[in-house]
Amino acid sequence: MDITFQKLLSLGLDLERVGLMQREDNEGYFCTPRDAFLLGWAGVAQARAFHTEQSFGEFLTECRPDAETREVLEAIGRGLGITPMPLPYKYLKELQDSFDMGAVPYTEEYYEVIG
């Protein structure tokens, strides 16, 4: 298990406040890459896709964290020595654009489902 993740767990925080649910059964879905280490579950009904910086900004405006969630986020920042990045959409977009999805080893079931 990654040392940063171990440190995060050792903080003893309610990670469900930030949408990271812990489960006993960590069986992945058909789209989970082979041999992936599952950190947790998103705890959301559906994934959100942000195709533009505007849609990302709208999401941030609509879904502001409440006081308890902000406390958890701040405790994570202090515990791990991290701060919010100034331009997260730009960073993620550049990371996605440069990432070779062909390098991810999916299961045979994944390839059967997507055709």
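The values are calculated or read from the model by the stated rules, or taken from the named source; none is laboratory data. It should be emphasised that the depicted structure is a prediction, and the values quoted were computed from it without experimental measurement. Surface accessibility is based on the protein's heavy atoms, side chains included, excluding ligands, DNA and RNA. Shrake-Rupley method; radii C 1.70, N 1.55, O 1.52, S 1.80 Å.
Some notes on this structure:
- The set of residues from the range 26-39 being at negative phi and either of a type in the set (A, V, I, L, M) or modelled with pLDDT of 75 or more (or both) comprises 27, 28, 29, 30, 31, 32, 33, 34, 36, 37, 38, 39.
- Among residues of the range 4-26 being acidic (Asp, Glu) and under 24 Å from residue 66 (Cα atoms), the one that is most open to solvent (accessible area, probe 1.4 Å) is 16.
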